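Beneath this line is the structure, given in structure tokens, with notes to follow.
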Amino acid sequence: MGFVVSLILIGLVLIFAEILIIPGVGVAGILGLLSMGGSCYYAFYEFGSTTGGIVTGVNGLLLLLLTIYVLRAKTWKRFTLDTNIDSKAVSSDPVLSVGDRGKTVTRLSPMGAVRVGDNVIEVKALEGMIDPGTEVEVVLIEDNKIYVSPVQEIKF
């Protein structure tokens with residue numbers, strides 16, 4: 001009889017895990033149902049039809065109680081995240097404007113880092129790739145993206 005009780009408990013635990021922890025029609029739910037069905041079969045085979053009927057009825061009742069427990073609102077509230085985020089994102093980016101100059105820290109292909117003053121900022125090359133150590137100029141600021149291009153030295 002201990003084997004039958006063990007199969008019932010294992011089945012309930014697996015079905016509970018399938019419903020609340022790993023939802024979906026998966027291995028745990030199928031194994032849980034097989035375990036409970038196995039307990040019914042074993043009870044009929046070993047102890048006769050009266051005990052088998054009682055075990056089947058107990059299994060049905062336990063599954064009904066498990067379903068009612070799982071569908072209660074309090075059960076789901078225990079597993080849900082109940083915190084509100086009141087903070088706001090604060091931009092820590094330095095204030096840049098078109099025409100500011102800096103030097104590339106990494107290769108811009110097309111994204112990379114540029115040092116402007118004491119700040120290292122992620123930027124995007126306006127066109128092509130720019131090697132490290134190249135002097136660049138901010139040519140466009142659009143939304144949160146900063147576009148740069150190499151400084152063209154004018155020779156007379």
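The values are calculated or read from the model by the stated rules, or taken from the named source; none is laboratory data. Just so you know, these numbers come straight off a predicted model, no measurement behind them. Note that each Cβ is placed from the backbone with ideal geometry, even for glycine, and that neighbours are counted across all protein chains shown.
A few notes on this one:
- The one condition from (1) modelled with pLDDT of 90 or more; (2) under 31 Å from the mean Cα position of the chain (by Cα) that L12 does not meet is (1).
- Answer residue from the stretch 140-156, given it is at pLDDT 90 or above and not aromatic (F, W, Y) and is surrounded by the most Cβ atoms within 10 Å (Cβ to Cβ) among those: V148
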